[in-house]
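Working notes for the structure below.
The values are calculated or read from the model by the stated rules, or taken from the named source; none is laboratory data. For clarity, every value in this text was computed on a predicted model and none was experimentally measured. Note that we place each Cβ from the backbone using ideal geometry, even for glycine, and neighbour counts take in every protein chain shown. Accessible surface is based on the protein model in full, side chains and every heavy atom, while ligands, DNA and RNA are left aside. Shrake-Rupley method; radii C 1.70, N 1.55, O 1.52, S 1.80 Å.
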Amino acid sequence: MTLRWRKEFIAAESFESAAFVDVDGDGVLDIVSGSFWYRGPDFIERTLFAPDARHGEYHDDFGSVAIDLTGDGRPDIVTGGWWGNELRWRENTAAAGEDRLWPEHLIARPGAIEQPSAWDVDGDGVPELVPNTPGDPLVVYKRDGQRWSAGVVSGLAQGHGLGFGDISGNGRGDLVVNYGWFENAGPDAEWLLHRDFDLGKDASVPILVTDVDGDGLNDLIVGHGHGYGLDWWQQRLHPDGRREWIRHVIDPAVSQCHTLRWADIDGDGVDELVTGKRWRAHPTGDPGNEDDLGIWYYKWADGAFVKHTVDAGPPGFGSGVGIDFDLADLDGNGYLDLVAPGKDGLWLFRNLGPAPL
């Protein structure tokens, strides 16, 4: 089944993160990207809501995580960047009718942030914030009222790449870094490091934790954010309790797959791998830096991933997905649409479903 897509230009901005968010509480999804939000459903009207800190061709804005942190029913935006070393959140005042910049609140200064994520690490139903700060310790930030506490998972530098999911099969979420995984041994227990694999120095954010082959054990899917390759690592559990990880190549020809999604993009009830190239992830020097851009999804079938193209072409014609993209069914047709930010602009891909027979 091949999906059809309609590509729509949203803005000539170079922010690298975007999310679908109902900003103003009208029941219609909007797009948040960098300093602006774009009113749905046509995304033509845009509103400045946050300041912009530029560093060369980058913005200090490597995430658009939507969470209601005030309890007022309006989603706020968590972000962070490489240069500012700050994890912060922007308080949504748009639905209150205030035409001004949103108040910004500092959570912590954890170091240079590759990308922030929100995961329910402790299983209490409330997501914690976990930034990937490659040169700094792995820390989980938990909110209690208006205060944040920092739970140090490890004092080791976490490296480039971070994922979350149940590796051990005990029902608790573990944390995955490029040199192994930290086992969640339960409340108040120390995290246990298992150096079971080496995913490379430029692993994606996130590293996906999911049961690819349906054997009941969660596997890993990882892209290489500053080089070539897209892989999945099969988990095998031996009778003696020893875990084995077997690397399988999904696609060796794509480069700079810095971020991944695992979602049912074709509406058949089975999730697919969705990713794309981050254009100029580093301005120069990355393997594949000059290759065409692209957005792809990979469908698991008969023991292998089958590649499908959403968009492809050289800069100015094809698009990538930046550092943090999003999926949502905007029109209720049962198929997920895709918002793609990046240094090549902000684009919307409307998923029209398969071609009629």
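Worth a mention:
- Charge tally for Arg242 (other residues, Cβ to Cβ under 10 Å; Lys, Arg +1; Asp, Glu -1): -1.
- Annotation: extensible slack from Asp68 through Ala355 equals 99.5 nm (criterion: 0.36 nm per residue apart, minus Cα-Cα distance).
- Gyration tensor verdict on region 76-144 (Cα atoms; rounded if a/c is under 1.5, prolate if a/b is larger than b/c, oblate otherwise): oblate
- Among Asp286, Asp22, Asp302, residue whose mean-square fluctuation peaks in a GNM of the chain (springs only between Cα atoms under 10 Å): Asp302
- Heavy-atom SASA rank of His238, His160 (probe 1.4 Å, accessible area, largest first): His238, His160
- Fraction of accessible area attributable to carbon and sulfur, the chain (%, probe 1.4 Å): 50
- When Thr133, Thr309, Thr284 are compared by accessible surface with a 1.4 Å probe, the order from highest to lowest is Thr284, Thr309, Thr133.
- Residue-span extension gain [Thr284 to Glu8] - 0.36 nm each, minus C-alpha spacing: 96.5 nm
- At the listed q of 0.30 Å⁻¹, the Debye profile of region 162-202, built from one uniform point per Cα, gives log10 I(q)/I(0) equal to -1.05.
- Exposure check, 1.4 Å probe, all protein chains in place: Ser319 carries approximately 0 Å² of accessible surface.
- Accessible surface, 1.4 Å probe, highest first, among residues Asp120, Asp251: Asp120, Asp251
- Distance between the 7 Å Cα→Cβ label points at Asp144 and Ile44: 5.1 nm.
- For a paramagnetic label modelled on Arg243 (point 7 Å from Cα along Cα→Cβ), amide N atoms under 12 Å away belong, within region 149-168, to 164-168.
- For region 54-184, the square roots of the Cα gyration tensor eigenvalues, ordered a ≥ b ≥ c, give a/c of at least 1.5 with a/b no greater than b/c, which places it in the oblate category.
- Between Leu156 and Asp198, the contour length at 0.36 nm per residue exceeds the alpha carbon distance by 13.6 nm.
- With at most 11 other Cβ atoms within 10 Å, longest stretch of the chain clear of loop trypsin sites (Lys or Arg not before Pro) (DSSP): 243-357
- Residue-count net charge about Asp60 - beta-carbon cut-off 9 Å; Lys, Arg +1, Asp, Glu -1: -2
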